[in-house]
Amino acid sequence: MRVGFGEEFRMPPGTNVEGQIIAALRKLGADIVLDTNFAADVVIMEESTELLRRLAEKRRPTFTSCCPAWINFAERNYPDLLPLLSSTSRRSRCWERSRRPIYRAHGPGPARIRVISIMPCIAKKDERVRAQ
């Protein structure tokens, strides 16, 4: 997203426009803008730990479960692989769990919180209907 938006506005390929995205969100009324990179790192660590555990137990390895497009593809084309999907939560769910205590302690209160995610993958919309 940081680069794709820049290219849409005819900036040189590879231009990082993270600052402009944050500024635009603030102009639209966002008080707090957070990045999910931390959650992505947590997901990678959790999936790695799960994979190492499965290998140590001489069990079949896992496939990532953090990509909704991949899950859709597996469900439609390879349902036999579904038991091999990692049990790790998706990045958005992981991020939600980690930010909840921060908002409780320092946030504006549940009535004022609106979470808006800007994601590059149109399959992200399918996460809303999946079991948490």
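The values are calculated or read from the model by the stated rules, or taken from the named source; none is laboratory data. All values reported here derive from a predicted model rather than from experimental measurement. For neighbour counting, all protein chains shown are included, and Cβ atoms are generated from backbone atoms with ideal geometry for every residue, glycine included. Just the protein is used for accessible areas: all its heavy atoms, side chains included, with ligands, DNA and RNA removed. Shrake-Rupley method; radii C 1.70, N 1.55, O 1.52, S 1.80 Å.
Quick look at the numbers
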{"item": "ARG104 open to solvent by 90 Å² or more (accessible area, probe 1.4 Å), modelled with pLDDT under 75 and not polar (S, T, N, Q)", "result": "yes"}
{"item": "Scan of the stretch 55-84 for residues that are under 20 Å from MET119 (Cβ atoms), without any contact (Cβ under 8 Å) to a residue 60 or more places away in the chain and open to solvent by less than 90 Å² (accessible area, probe 1.4 Å), ordered by number", "result": "THR64, SER65, CYS66, CYS67, ALA69, TRP70, ILE71, ASN72, ALA74, GLU75"}
{"item": "Among (1) open to solvent by less than 50 Å² (accessible area, probe 1.4 Å); (2) modelled with pLDDT of 90 or more; (3) not in a loop (DSSP other than H, G, I, E, B) - the single one LEU52 does not satisfy", "result": "(1)"}
{"item": "Residues satisfying the stated conditions in the stretch 25-67, i.e. closer than 11 Å to SER86 by Cβ and among the aromatic types (Phe, Trp, Tyr)", "result": "PHE63"}
{"item": "Any hit, the stretch 56-64, residues being polar (S, T, N, Q), part of a loop (DSSP other than H, G, I, E, B) and within 14 Å of the chain's Cα centre (by Cα)", "result": "yes"}
{"item": "Subset tally (residues that are open to solvent by 50 Å² or more (accessible area, probe 1.4 Å) and either of a type outside the set (S, T, N, Q) or modelled with pLDDT of 90 or more (or both)) for the stretch 30-44", "result": "7"}
{"item": "Extreme residue, farthest from TYR103 (Cα to Cα), among residues of the stretch 1-29 that are at pLDDT 90 or above and among the basic types (Lys, Arg)", "result": "ARG10"}
{"item": "Residues located in the stretch 2-21, provided they are surrounded by 12 or more Cβ atoms within 10 Å (Cβ to Cβ) and either of a type in the set (S, T, N, Q) or not in a helix (DSSP H, G or I) (or both)", "result": "ARG2, VAL3, MET11, THR15, ASN16, VAL17, GLN20"}
{"item": "Selected residue [closer than 27 Å to ILE122 by Cβ, of a type outside the set (Phe, Trp, Tyr), over 14 Å from the mean Cα position of the chain (by Cα) and in a helix (DSSP H, G or I)] from ALA39, ALA24", "result": "ALA24"}
{"item": "Output for the stretch 1-24, where each listed residue is within 15 Å of SER117 (Cα to Cα), free of Cβ contacts under 8 Å to residues at least 60 places away in the same chain and of a type outside the set (Gly, Ala, Ser)", "result": "ARG2, PHE5, GLU18, ILE22"}
